[in-house]
Amino acid sequence: MKARVEPVPDWEASYGSARQENRRKADDWFRVLVEAMDQGLGILDDAEHLRYVNPAFCRMTGFAAEDLLGRRLMETGLFPKESKSKLRKHLDGHRQGDFEPYELLWCRKDGSRMVGHISPRPLLGSDGSLRGSFAIITDITERRQREEQIAKLSAAVEQSPVGIMITDRHGRIEYTNRGFEELTGYQGAELLGRNPRVLQSGETPPEVYDALWKAVVAGQEWRGELCDRKKSGETYWAKVTIFSVKDEQGGIRYLVSLHEDITPRKLAEQRLLESEEKYSLLVENSLTGIYILQDGRIAFSNREHASRLGYDVDELVGKDFSALIHPEDRAQYVELVGQALLGKGAAGAGAVLRAVAKTGEIISFKNSCLPIVYQGRPAILGNAVDVTEERRLQAELSLSATQLQALSEQLLASLEKERKRVASDLHDSVGQYLHALKFGLQKAPQASCFQQEERNGHVPVCASVVSLLQEAIDEVRRISADLRPPILDDLGLLAAINWFCRRYGNVYSAIEIAKSFEICESEIPDSIKIDIFRVVQEALSNAAKYSGSKRVELELKKRDDRLVLMISDNGTGFAVESVLRGEPGESGFGLIGMRERVKLSGGCLVIESVLGKGSRIEASWLLAAKDSPSACL
């Protein structure tokens, strides 16, 4: 699409004929340059008429140059109604010399919307008078959409019931979500900069942590269970998954760990294990034979039952039980088992069956059978009492039978009671957790969809909860990039502070900010840049909200071998000790957090304030100090 320039009356009047050729060549180079730009370029005269748009401007908006040139900017159709008041304000500001960059919602020719970042500059005549302006326009629509999507996903992560912790590659904690705080009892600020070993209870063997660390430093995913300790001192069990987020060179940049509270399950397992141990101890030391039949074969036998038949336990398990029964009693045995399978209680209780021992000896057993589920399948629990001497010891045999029946009922009742308790625990704990997870997943797609007017027809609707969850996992890896201002990584701390002060000045225009930087960007350790920025951010916010300051002075410099940040204001002042102690009526969370942040980053913080005369904050760090790697997790 060919762009063209509308002539501006008298623009060439100040140029002599001897300079026309040079001007013509400059114009040719100007055209080559601006027509090759990726950003849009537009030129306005002093009456706000569009006099030039480059091809990128036309591609960006969908308008041809002929549609725009010679028309007043406000009347071109480039801006929706809701943007015009803001545009009018900035155009009027140009006449006052205000050419600060700003963002604005635009209309494309096809009716779709775009967000444009506008960087205006003045056009001055030879006499220094304002003859118009030009602006470079960058389409940041996709970036804004991504930022909004990241914000929504960040909210989903923050509200997830699963605890999420992010550390740097040395193991220093940089982020914890609300679920992690609820699980551990720590507030996020209490953990920032600390090593996760603060959670260790001593119950998890050291070799587990060794295996964990070896896996994550090798870039592998680690899954396991850890017994940790809450802030209150109470221990808890967590199912933990840890994976690394790598940089473009393949090095580990961050470690992300997911913590699921499995304490109720572990308690249930422990109770079940204790129950099984008691059951096993009781069964193995029982004076009666106890066995389990499954598919007609012996699946389990205690020592008493095996020894009476003359077998070792391992030798007896797996044998066809009917082959052990005396041929004349096999029909009774089949009836006994059939009654048990029909669920007729302790079927065959008191029935006497003769068995053939390994030695050929005939042994009489009084049997009872109960239907049970063993290893997930139907089975028969049998109790066998040796009654060979019954005819001679009738009274003793009667007592033994009574004891056997009571023991059988007690075993069954104990087993059923434990099964009921375990089932209840699983339902009330794991079931509720799964229900909460399902509810969260059902809400996630609704929270992640754009409104129709925001999507511009380009953002697809999530097809299913599964695909949305996968997108969330992918996006989590990028959330860390939003944990600190992008300009801090792109341009450095000094640029970030300047940016924040400009934004601060726009909001609190009545407060004058005097900045003084006596240090180079390269002299500031990367490890403390974010801490310095957060101190500046908190101090300026406090000055605006509480002190009534009219002027704030900010200095960043080197003093001997230390980096020193000083922030002072002329506000009302406050009682430092009262605020830091959190006395009634005082709100000192910001100052306390500032103090802890500086301390955790290896620095020192001094806060001075005099009522009626203002406040002064000085934070300093030893420049010679180097970050020392610490063991992770």
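See the values below:
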read-out	value
FRET E, pair residue 613, residue 498, Förster distance 30 Å, beta-carbon r, rounded to 0.05	0.60
For segment 129-143 versus segment 230-270, the gap between their alpha-carbon centres in whole angstrom	48
Solvent exposure, largest accessible area first (probe 1.4 Å, DNA, RNA and ligands not counted), of 388, 176	388, 176
Against the rule of thumb 2.2 N^0.38 Å, how large the Cα Rg of segment 239-289 comes out	2.25
Heavy-atom accessible area order for 207, 553, largest first, 1.4 Å probe	207, 553
In Å², nearest 10: area of residue 221 left accessible to a 1.4 Å probe	100
Mean projected area (nm²) of the alpha-carbon convex hull when segment 269-316 is viewed from all directions	3.9
FRET E, pair residue 150, residue 71, Förster distance 45 Å, beta-carbon r, rounded to 0.05	0.75
Environment charge at residue 236 (Cβ cut-off 13 Å; Lys +1, Arg +1, Asp -1, Glu -1)	-1
Alpha-carbon centroid distance for the pair segment 172-210 / segment 486-505, whole angstrom	31
Under Karplus coefficients 6.51, -1.76 and 1.60, residue-wise ³J(HN,Hα) of segment 326-335 in Hz, glycine/proline x	4, x, 6, 9, 5, 5, 5, 4, 4, 5
Counted charge near residue 568, where neighbours are those whose Cβ lies closer than 12 Å (Asp, Glu -1; Lys, Arg +1)	-2
Environment charge of residue 62, counting only residues whose C-beta is closer than 10 Å and scoring Lys/Arg +1, Asp/Glu -1	+1
For residue 356, solvent-accessible area (1.4 Å; no DNA, RNA or ligand), Å²	50
From the C-alpha gyration tensor of segment 494-535, square roots of 5λ in Å	22, 11, 8
Long-range tail of P(r) for segment 140-227 (Cα pairs > 18 Å, %)	57
Vicinal HN-Hα couplings computed from phi for segment 287-293 (Karplus, 6.51 cos²θ - 1.76 cosθ + 1.60; Hz; Gly/Pro x)	7, 10, x, 10, 9, 10, 9
Calculated on alpha-carbon atoms, Rg and Dmax of segment 206-264 in Å	13.2, 42
Cα-Cα over 32 Å, subset of 152/558; 89/558; 231/613; 557/613	152/558; 89/558; 231/613
Rounded to the nearest 10 Å², the accessible area of residue 377 at probe 1.4 Å	110
Sequence of 517, 321 when ordered by accessible area, the most exposed leading, probe 1.4 angstrom	517, 321
Gain on full stretching of the segment that runs from residue 271 to residue 604 - 0.36 nm per residue minus C-alpha separation	114.8 nm
Whole-percent pair-distance distribution, where bins are 10 Å wide, for the alpha carbons of segment 489-610	12, 44, 36, 8, 0
In order through segment 220-236: 3J(HN,Hα) via Karplus (6.51 cos²θ - 1.76 cosθ + 1.60), integer Hz, x for Gly, Pro	9, 7, 10, 10, x, 10, 10, 9, 10, 10, 6, 4, 6, x, 6, 8, 8
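The values are calculated or read from the model by the stated rules, or taken from the named source; none is laboratory data. None of these values were measured; they are calculated from a predicted model. For neighbour counting, all protein chains shown are included, and Cβ atoms are generated from backbone atoms with ideal geometry for every residue, glycine included. What goes into the accessible areas is simple: the full protein's heavy atoms, side chains included, and nothing from ligands, DNA or RNA. Shrake-Rupley method; radii C 1.70, N 1.55, O 1.52, S 1.80 Å.
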